[in-house]
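**Q** I am attaching a structure below and will ask some questions about it afterwards.
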Amino acid sequence: MQLQRIKNIPHKLRRELYRIPAFHALKEQAYQSSIDFHGPFLPQMDEQSQSIVSKLQQEGTCVIPLDRLELSSTKQMMANAYALADSLKNPVDSGKGEVGLAEEDLRECPEILLWALEQKLLNIVENYIGLPILYQGFAVRRSIADGQYTGVRRWHIDWEDRRIIKIIIYLNDVEAGGGGYQYIQRDLTQQAIKDLNYYNLGHLSDAEMGDAVSPTDWSTCLGKEASVVITDTSN
(Lines give C-alpha, C1' and ligand atoms only; values in the text may rest on other atoms or scores of the structure.)
Protein backbone atom coordinates (compact mmCIF):
# COMPACT_ATOMS: atom_id res chain seq x y z
CA MET A 1 0.00 0.00 0.00
CA GLN A 2 2.85 2.40 0.82
CA LEU A 3 4.54 1.83 -2.53
CA GLN A 4 1.25 2.24 -4.36
CA ARG A 5 0.75 5.63 -2.73
CA ILE A 6 4.28 6.64 -3.68
CA LYS A 7 3.62 5.69 -7.31
CA ASN A 8 0.90 8.33 -7.44
CA ILE A 9 3.47 11.07 -6.74
CA PRO A 10 4.85 12.96 -9.81
CA HIS A 11 7.88 11.22 -11.33
CA LYS A 12 10.64 13.72 -10.43
CA LEU A 13 9.43 14.09 -6.88
CA ARG A 14 9.13 10.33 -6.55
CA ARG A 15 12.70 9.90 -7.74
CA GLU A 16 13.91 12.29 -5.05
CA LEU A 17 11.80 10.52 -2.45
CA TYR A 18 13.39 7.19 -3.31
CA ARG A 19 16.81 8.67 -2.55
CA ILE A 20 15.84 8.77 1.12
CA PRO A 21 17.42 5.60 2.61
CA ALA A 22 14.22 4.25 4.19
CA PHE A 23 12.16 4.61 1.02
CA HIS A 24 15.04 3.35 -1.13
CA ALA A 25 15.31 0.20 0.97
CA LEU A 26 11.56 -0.37 0.72
CA LYS A 27 11.66 0.03 -3.03
CA GLU A 28 14.65 -2.31 -3.42
CA GLN A 29 13.00 -4.97 -1.32
CA ALA A 30 9.81 -4.86 -3.40
CA TYR A 31 11.79 -4.91 -6.64
CA GLN A 32 13.90 -7.92 -5.62
CA SER A 33 10.81 -9.81 -4.51
CA SER A 34 9.28 -9.24 -7.95
CA ILE A 35 12.46 -10.39 -9.70
CA ASP A 36 12.64 -13.54 -7.57
CA PHE A 37 8.97 -14.35 -8.15
CA HIS A 38 9.19 -13.97 -11.93
CA GLY A 39 12.54 -15.74 -12.33
CA PRO A 40 11.09 -19.27 -12.80
CA PHE A 41 8.77 -17.97 -15.52
CA LEU A 42 11.44 -16.36 -17.74
CA PRO A 43 11.35 -17.78 -21.30
CA GLN A 44 14.08 -20.00 -22.68
CA MET A 45 16.64 -18.47 -25.06
CA ASP A 46 18.94 -19.76 -27.76
CA GLU A 47 22.71 -19.31 -27.51
CA GLN A 48 22.76 -16.09 -29.52
CA SER A 49 20.02 -14.52 -27.40
CA GLN A 50 21.89 -15.43 -24.23
CA SER A 51 24.98 -13.72 -25.64
CA ILE A 52 23.00 -10.54 -26.34
CA VAL A 53 21.57 -10.49 -22.82
CA SER A 54 25.05 -11.00 -21.34
CA LYS A 55 26.41 -8.07 -23.39
CA LEU A 56 23.54 -5.89 -22.18
CA GLN A 57 24.22 -6.85 -18.58
CA GLN A 58 27.94 -6.07 -18.95
CA GLU A 59 27.94 -2.94 -21.12
CA GLY A 60 24.33 -1.85 -21.54
CA THR A 61 24.48 -1.98 -25.35
CA CYS A 62 24.89 -4.61 -28.07
CA VAL A 63 25.33 -4.10 -31.84
CA ILE A 64 24.48 -6.89 -34.29
CA PRO A 65 23.68 -7.19 -38.02
CA LEU A 66 19.94 -7.44 -38.52
CA ASP A 67 20.08 -10.61 -40.60
CA ARG A 68 21.90 -12.46 -37.82
CA LEU A 69 18.78 -12.23 -35.66
CA GLU A 70 17.04 -14.46 -38.23
CA LEU A 71 13.55 -13.08 -37.58
CA SER A 72 10.86 -14.24 -40.01
CA SER A 73 9.21 -10.83 -40.46
CA THR A 74 12.39 -8.83 -41.09
CA LYS A 75 11.91 -8.50 -44.87
CA GLN A 76 8.40 -7.08 -44.55
CA MET A 77 9.40 -4.81 -41.68
CA MET A 78 12.38 -3.33 -43.54
CA ALA A 79 10.36 -2.75 -46.72
CA ASN A 80 7.92 -0.67 -44.69
CA ALA A 81 10.69 1.11 -42.81
CA TYR A 82 12.38 2.16 -46.07
CA ALA A 83 9.05 3.32 -47.51
CA LEU A 84 8.40 5.48 -44.45
CA ALA A 85 11.96 6.81 -44.49
CA ASP A 86 11.58 7.88 -48.12
CA SER A 87 8.96 10.40 -47.02
CA LEU A 88 11.58 12.05 -44.80
CA LYS A 89 14.18 12.59 -47.52
CA ASN A 90 13.22 16.21 -48.13
CA PRO A 91 15.61 18.75 -46.55
CA VAL A 92 15.16 19.10 -42.83
CA ASP A 93 13.54 22.36 -41.73
CA SER A 94 15.98 25.08 -40.73
CA GLY A 95 17.11 24.60 -37.17
CA LYS A 96 15.83 21.02 -36.96
CA GLY A 97 18.45 18.32 -37.03
CA GLU A 98 15.92 15.56 -36.59
CA VAL A 99 12.47 14.92 -38.03
CA GLY A 100 10.05 12.06 -37.50
CA LEU A 101 6.75 10.76 -38.77
CA ALA A 102 3.41 11.40 -37.13
CA GLU A 103 1.57 8.63 -35.32
CA GLU A 104 -1.08 8.39 -38.03
CA ASP A 105 1.64 7.60 -40.59
CA LEU A 106 3.09 4.89 -38.38
CA ARG A 107 -0.28 3.25 -37.88
CA GLU A 108 -0.34 2.46 -41.59
CA CYS A 109 2.62 0.10 -41.15
CA PRO A 110 1.73 -2.63 -38.62
CA GLU A 111 4.59 -4.75 -40.01
CA ILE A 112 7.07 -2.76 -37.93
CA LEU A 113 5.03 -3.31 -34.79
CA LEU A 114 4.69 -7.03 -35.53
CA TRP A 115 8.46 -7.34 -36.04
CA ALA A 116 9.05 -5.88 -32.59
CA LEU A 117 6.70 -8.54 -31.19
CA GLU A 118 8.70 -11.46 -32.60
CA GLN A 119 9.05 -14.03 -29.84
CA LYS A 120 12.85 -14.07 -29.98
CA LEU A 121 13.02 -10.32 -29.33
CA LEU A 122 10.45 -10.54 -26.55
CA ASN A 123 12.44 -13.34 -24.91
CA ILE A 124 15.65 -11.30 -25.04
CA VAL A 125 14.03 -8.23 -23.52
CA GLU A 126 12.13 -10.14 -20.84
CA ASN A 127 15.24 -12.04 -19.73
CA TYR A 128 17.17 -8.79 -19.51
CA ILE A 129 14.41 -6.90 -17.70
CA GLY A 130 13.71 -9.87 -15.45
CA LEU A 131 10.00 -9.03 -15.26
CA PRO A 132 6.94 -9.00 -17.53
CA ILE A 133 7.54 -6.35 -20.18
CA LEU A 134 5.60 -3.40 -21.57
CA TYR A 135 5.91 -2.38 -25.22
CA GLN A 136 5.88 1.39 -25.64
CA GLY A 137 5.86 1.86 -29.41
CA PHE A 138 8.13 2.65 -32.36
CA ALA A 139 9.27 5.63 -34.40
CA VAL A 140 10.86 6.38 -37.76
CA ARG A 141 13.27 9.32 -37.70
CA ARG A 142 15.77 11.06 -39.90
CA SER A 143 18.69 12.54 -38.00
CA ILE A 144 21.19 14.81 -39.74
CA ALA A 145 24.83 14.79 -38.64
CA ASP A 146 25.02 18.59 -38.68
CA GLY A 147 27.15 19.06 -35.57
CA GLN A 148 24.27 20.53 -33.58
CA TYR A 149 23.86 19.09 -30.08
CA THR A 150 20.38 19.85 -28.84
CA GLY A 151 17.62 17.92 -27.07
CA VAL A 152 18.21 14.18 -26.90
CA ARG A 153 21.44 14.55 -28.87
CA ARG A 154 23.06 15.51 -25.59
CA TRP A 155 24.09 13.06 -22.89
CA HIS A 156 21.18 11.88 -20.78
CA ILE A 157 19.58 8.92 -19.04
CA ASP A 158 15.97 7.84 -19.49
CA TRP A 159 14.73 7.73 -15.90
CA GLU A 160 11.26 6.29 -16.53
CA ASP A 161 12.20 2.83 -15.29
CA ARG A 162 15.07 0.73 -13.96
CA ARG A 163 15.67 -0.90 -17.33
CA ILE A 164 14.48 0.37 -20.71
CA ILE A 165 15.38 -1.41 -23.93
CA LYS A 166 15.42 0.50 -27.19
CA ILE A 167 16.18 -1.23 -30.48
CA ILE A 168 17.63 1.07 -33.14
CA ILE A 169 17.93 -0.05 -36.77
CA TYR A 170 20.18 1.96 -39.08
CA LEU A 171 18.62 2.47 -42.53
CA ASN A 172 21.93 3.62 -44.02
CA ASP A 173 25.63 3.08 -43.31
CA VAL A 174 26.70 4.97 -40.20
CA GLU A 175 30.41 5.78 -40.20
CA ALA A 176 32.66 7.94 -38.03
CA GLY A 177 31.28 11.47 -37.96
CA GLY A 178 27.92 10.25 -39.22
CA GLY A 179 25.95 10.73 -36.04
CA GLY A 180 26.07 7.21 -34.66
CA TYR A 181 24.42 6.36 -31.34
CA GLN A 182 26.83 6.91 -28.45
CA TYR A 183 26.83 5.41 -25.00
CA ILE A 184 28.98 5.01 -21.92
CA GLN A 185 29.36 1.54 -20.43
CA ARG A 186 27.30 0.64 -17.38
CA ASP A 187 30.07 0.71 -14.77
CA LEU A 188 31.34 4.11 -15.91
CA THR A 189 27.77 5.40 -16.11
CA GLN A 190 27.07 4.45 -12.49
CA GLN A 191 30.24 6.22 -11.35
CA ALA A 192 29.41 9.29 -13.45
CA ILE A 193 25.96 9.50 -11.87
CA LYS A 194 27.63 9.76 -8.46
CA ASP A 195 30.40 12.12 -9.54
CA LEU A 196 28.00 14.50 -11.30
CA ASN A 197 25.20 14.05 -8.79
CA TYR A 198 23.19 13.34 -11.90
CA TYR A 199 19.67 12.89 -10.60
CA ASN A 200 17.94 16.04 -11.86
CA LEU A 201 20.37 17.37 -14.44
CA GLY A 202 18.52 16.36 -17.61
CA HIS A 203 20.80 16.79 -20.64
CA LEU A 204 24.57 17.29 -20.46
CA SER A 205 26.99 18.75 -23.00
CA ASP A 206 30.09 16.90 -24.15
CA ALA A 207 32.18 19.23 -22.00
CA GLU A 208 30.13 18.46 -18.89
CA MET A 209 30.28 14.74 -19.51
CA GLY A 210 33.99 14.95 -20.24
CA ASP A 211 34.56 16.16 -16.68
CA ALA A 212 33.25 12.82 -15.38
CA VAL A 213 34.14 10.33 -18.15
CA SER A 214 37.01 10.73 -20.57
CA PRO A 215 35.94 10.97 -24.23
CA THR A 216 38.20 7.99 -24.88
CA ASP A 217 35.67 5.94 -22.91
CA TRP A 218 32.68 7.04 -25.00
CA SER A 219 31.50 4.24 -27.28
CA THR A 220 30.07 5.05 -30.73
CA CYS A 221 27.90 2.47 -32.50
CA LEU A 222 29.06 2.44 -36.10
CA GLY A 223 27.67 -0.03 -38.58
CA LYS A 224 26.52 -0.88 -42.05
CA GLU A 225 22.97 -0.39 -43.24
CA ALA A 226 20.62 -2.73 -41.31
CA SER A 227 22.80 -2.79 -38.22
CA VAL A 228 20.84 -3.18 -34.99
CA VAL A 229 21.69 -1.37 -31.76
CA ILE A 230 20.04 -2.92 -28.70
CA THR A 231 20.54 -0.61 -25.75
CA ASP A 232 19.39 0.07 -22.20
CA THR A 233 18.88 3.83 -22.13
CA SER A 234 18.21 3.90 -18.39
CA ASN A 235 21.66 2.50 -17.49
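**Q** Between L42, L171, L17, which gets the highest mean-square fluctuation from a Gaussian network model of the chain, Cα cutoff 10 Å?
**A** Of L42, L171, L17, the Gaussian network model singles out L17 as fluctuating most.
**Q** Hey, could you pull the Cα Rg and Dmax for the chain, both in Å?
**A** Values for the chain (Cα only, Rg and Dmax): 19.0, 54 Å.
**Q** For the range 106-195, what is the accessible area per residue in Å² when the probe is 1.4 Å?
**A** In whole numbers, the range 106-195 has 61 Å² accessible per residue.
**Q** Extending each Cα 7 Å along its Cβ direction at R153 and E225, get the distance between those two points in nm, one decimal.
**A** 2.4
**Q** Counting only C-alpha contacts under 8 Å and six or more residues apart, can you give the relative contact order of the chain as a whole percent?
**A** On the way: 260 pairs, mean separation 65.6, N = 235.
Relative CO of the chain lands at 28 percent.
**Q** Can I ask one more? So, taking all protein chains as they sit and a 1.4 Å probe, how much accessible area belongs to K27, in Å² rounded to tens?
**A** Result for K27: roughly 60 Å² accessible.
**Q** Here is a follow-up. Between Q57 and A30, what is the label-point separation in nm under the 7 Å Cα-to-beta-carbon projection?
**A** Each label point lies 7 Å from its Cα, and together they span 2.6 nm.
**Q** Counting pairs of alpha carbon atoms under 8 Å apart in space and at least six apart in sequence, what relative contact order in percent does the range 155-235 give? Spell out each step's value before the answer.
**A** On the way: 102 pairs, mean separation 50.9, N = 81.
So the answer I get is 63 percent.
**Q** Related question: Work through the residues other than L222 whose Cβ is under 14 Å from its Cβ and net out their charges, Lys, Arg +1 and Asp, Glu -1.
**A** -2
**Q** Just from its helices, what would the mean residue ellipticity at 222 nm be for the chain, if runs of 4 or more DSSP H residues each count -39500 (n - 2.57) and the sum is divided by every residue, rounded to the nearest 500 deg cm²/dmol?
**A** Values: 10 runs with 94 residues, N = 235.
Mean residue ellipticity at 222 nm (helix-derived): -11500 deg cm²/dmol.
**Q** Moving on to the next point. Could I have the simple spin-label model distance between A207 and Q182, label points 7 Å from Cα toward Cβ, reported in nm to one decimal?
**A** Output for this residue pair reads 1.5 nm.
**Q** Using protein chains only and a probe of 1.4 angstrom, how many square angstrom of E103 are accessible, to the nearest 10?
**A** Counting only protein heavy atoms, E103 exposes about 130 Å² to solvent.
The values are calculated or read from the model by the stated rules, or taken from the named source; none is laboratory data. Being a predicted model, the structure only gives us computed values, none of them experimental. All Cβ positions, glycine included, derive from the backbone under ideal geometry; neighbour counts span all protein chains shown. With ligands, DNA and RNA removed, areas are computed over all heavy atoms of the protein, side chains included. Shrake-Rupley method; radii C 1.70, N 1.55, O 1.52, S 1.80 Å.
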